[in-house]
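Reviewing the structure listed below.
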Amino acid sequence: MEAAVKKQTIFFLICLFAIINFDLLADDKAKDNIKIDTTASRMIVHAPVANVRLCPKKVNICKLGKKTDKRPRCSQILFGEKVWGKDQKNSDEVHVRLVIQKRFDGKKWVGIPGFVNKDKLSKVLAFPQYTAILQDHLTPLYVSMNSNKKPLMYLSMGTLLETKEVNNHWQKITLNGKKYYIPNKTNILKLSCKVETNTDTIRKNIVNTALQFLNTPYVYGGRSFFNKNTKKPKTGVDCSGLINLAYLAGAGLVIPRTSRNQKRNCTILKKASELKAGDLIFFAKNDLTQRVVHVAMYIGNGKMIESSGSKDANKKKIGVRIITVEEKIGVPFDSIESEKTVTKTGKLIFLGTCLQSHKKIKKMRSLLFQEPSNPFIC
């Protein structure tokens with residue numbers, strides 16, 4: 001009897017570990033539980049937003065509901081986003097590796113693995129060459145140059161596109177042989193290998209973009225601007241999704257997707273007095289693992305912006321808000337130190353910046369233009 005209980009306990013712990021550490025185990029689960037085709041394809045997203053799930057539908061630990069897909073959401077991918085994918089036999093899902101959204105696998109930076117519904121993806125012979133990032137909350141996408149007609153869909157802030165100006169009113173997007181149009185008045189960040197040389201301007205743009213997400217709902221694994229007219233998939237951001245999109249849409253900079261990997265990408269600052277607008281504050285477990293569980297952005301004047309999954313007095317998740325660093329951490333701002341300060345809830349604080357040099361900033365921009373190799377051939 002004791003042996004059976006012990007086995008059940010071990011199994012439960014393994015399942016819990018897999019869910020918490022999705023960015024470490026998703027690829028292994030794919031290999032262990034699924035038979036996939038040997039050929040990977042270049043694919044792009046043709047839906048406004050698509051969920052990326054931790055595990056395939058076959059994995060029992062996900063405890064699927066009959067009507068609701070309860071599998072953990074790794075992230076979300078946006079219209080036009082690049083992925084490498086493998087079709088699965090007898091499945092309506094694709095095993096994917098994301099291109100823009102990265103994690104560290106212990107040796108190198110790789111695309112986050114996961115599973116996406118086939119009907120959200122299209123195979124392409126070549127990936128698009130991004131020339132613009134959408135900066136409006138939601139941008140209407142049309143199938144013709146006629147704004148009197150109903151838009152085909154609305155695209156989230158942070159959507160990467162290959163655009164070409166047609167006239168004074170429209171820009172054309174060609175995706176997988178199909179033509180789409182967005183109004184020329186759309187706010188976009190034009191992309192090139194050249195990056196703004198004024199770091200203060202970059203920081204300001206990142207912070208201003210993050211502020212546009214105020215009151216956006218917290219969605220675990222969320223990485224999209226909230227669209228009240230879209231119920232499936234849920235739109236919104238988690239803590240690291242907010243940071244990822246703010247850097248991307250605000251300055252055209254690619255940083256890792258998860259808070260743990262965002263910390264790895266940063267140079268650690270010793271004291272809070274070293275923080276500048278756009279720098280990051282990490283909250284980690286105060287134990288031997290020091291595993292990061294939350295991230296927020298410093299916006300200046302002792303304040304930070306975060307997407308909080310904590311619940312308010314009405315038992316609703318707080319979402320994106322501004323709060324003073326002192327109120328959040330429970331320690332006077334000037335006395336906060338990396339790897340020493342512990343919050344009132346027992347979290348260990350790390351302070352970091354990934355804007356420490358122009359060389360670093362250029363490298364984050366260059367990731368948008370690198371031709372991604374097939375990650376399944378390793």
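The values are calculated or read from the model by the stated rules, or taken from the named source; none is laboratory data. All values derive from a computational prediction rather than experimental measurement. When we count neighbours, we look across all protein chains shown, and the Cβ atoms used for this are built from the backbone with ideal geometry, even at glycine.
Figure legend. Inter-residue proximity from the stretch 205-227: first residues in the same structural domain as residue 311 (by TED's automatic domain parsing) and within 17 Å of residue 322 (Cα to Cα), second residues of a type in the set (Phe, Trp, Tyr) and part of a loop (DSSP other than H, G, I, E, B), beta-carbon distance below 6 Å, spacing 6+ or different chains. Indicated pairs: 216/226; 217/226. As for the stretch 290-308, it holds no residue that is exposed (fewer than 15 other Cβ atoms within 10 Å of the Cβ), hydroxyl-bearing (Ser, Thr, Tyr) and under 23 Å from the mean Cα position of the chain (by Cα).
Give the stretch 218-253 a look and list any residue that's surrounded by fewer than 23 Cβ atoms within 10 Å (Cβ to Cβ) and either within 19 Å of residue 100 (Cβ to Cβ) or small (Gly, Ala, Ser) (or both), or say none.
Initial filter on the stretch 218-253 (surrounded by fewer than 23 Cβ atoms within 10 Å (Cβ to Cβ)): 220, 226-234.
Within the stretch 218-253, just 233 meets the criteria.
Table: residues versus (1) part of a loop (DSSP other than H, G, I, E, B); (2) touching a Cys at 6+ places or on another chain (Cβ under 8 Å); (3) hydrophobic (A, V, I, L, M, F, W, C); (4) modelled with pLDDT under 95.
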{"site": "192", "(1), (2), (3), (4)": "yes, no, no, yes"}
{"site": "200", "(1), (2), (3), (4)": "no, no, no, no"}
{"site": "210", "(1), (2), (3), (4)": "no, no, yes, no"}
{"site": "234", "(1), (2), (3), (4)": "yes, no, no, yes"}
{"site": "241", "(1), (2), (3), (4)": "no, no, no, no"}
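Each residue in the stretch 259-304 was checked for being out of contact with any Gly (no Cβ under 9 Å at 6 or more places or on another chain) and part of a loop (DSSP other than H, G, I, E, B), and 8 of them qualify. Starting from residues that are in contact with a helix residue (DSSP H, G or I) (Cβ under 9 Å, 6 or more places away or on another chain) and part of a strand (DSSP E or B), keep the ones in the stretch 134-174 and report whichever is surrounded by the most Cβ atoms within 10 Å (Cβ to Cβ). Checked the stretch 134-174; the qualifying residue surrounded by the most Cβ atoms within 10 Å (Cβ to Cβ) is 134.
Could you please let me know if residue 322 is in contact with a Lys or Arg (Cβ under 9 Å, 6 or more places away or on another chain) and in contact (Cβ under 8 Å) with a residue 60 or more places away in the chain? Answer is yes for this residue. Residues in the stretch 324-344 include none that are over 18 Å from the mean Cα position of the chain (by Cα), in a strand (DSSP E or B) and basic (Lys, Arg). If you go through the stretch 110-133 and keep only what is over 21 Å from the mean Cα position of the chain (by Cα), under 25 Å from residue 51 (Cβ atoms) and in a loop (DSSP other than H, G, I, E, B), you end up with just 124. Annotation note: Cβ proximity below 6 Å between a residue of the stretch 337-351 that is under 11 Å from residue 286 (Cβ atoms) and without any contact (Cβ under 8 Å) to a residue 60 or more places away in the chain and a residue that is surrounded by fewer than 20 Cβ atoms within 10 Å (Cβ to Cβ) and not hydrophobic (A, V, I, L, M, F, W, C) (sequence gap 6+ or interchain) occurs for 342/286. Among the residues of the stretch 217-226, those identified as assigned to a loop (DSSP other than H, G, I, E, B) and farther than 18 Å from residue 160 by Cα are 217, 219, 220, 221.
Filter the stretch 310-329 down to the residues that are surrounded by 15 or more Cβ atoms within 10 Å (Cβ to Cβ) and not aliphatic (A, V, I, L, M), then identify the one that is farthest from residue 244 (Cα to Cα). My answer is 326.
Quickly run through the stretch 25-57 and pick out the residues that are outside any loop (DSSP other than H, G, I, E, B) and modelled with pLDDT under 90. Residues satisfying the conditions are 25, 26, 27, 28, 29, 30, 31, 32, 33, 36.
Condition test on residue 214, is it assigned to a loop (DSSP other than H, G, I, E, B), over 20 Å from residue 293 (Cβ atoms) and more than 16 Å from the chain's Cα centre (by Cα)? Criteria met by residue 214. For the condition closer than 24 Å to residue 331 by Cα and either in contact with a Lys or Arg (Cβ under 8 Å, 6 or more places away or on another chain) or surrounded by fewer than 24 Cβ atoms within 10 Å (Cβ to Cβ) (or both), residue 285 qualifies. Of the listed requirements (1) under 30 Å from residue 113 (Cβ atoms); (2) out of contact with any Asp or Glu (no Cβ under 8 Å at 6 or more places or on another chain), residue 343 misses just one: (1).
Within the stretch 76-92, the only residue that satisfies the criterion of being on the phi > 0 side of the Ramachandran plot and modelled with pLDDT of 90 or more is 80.
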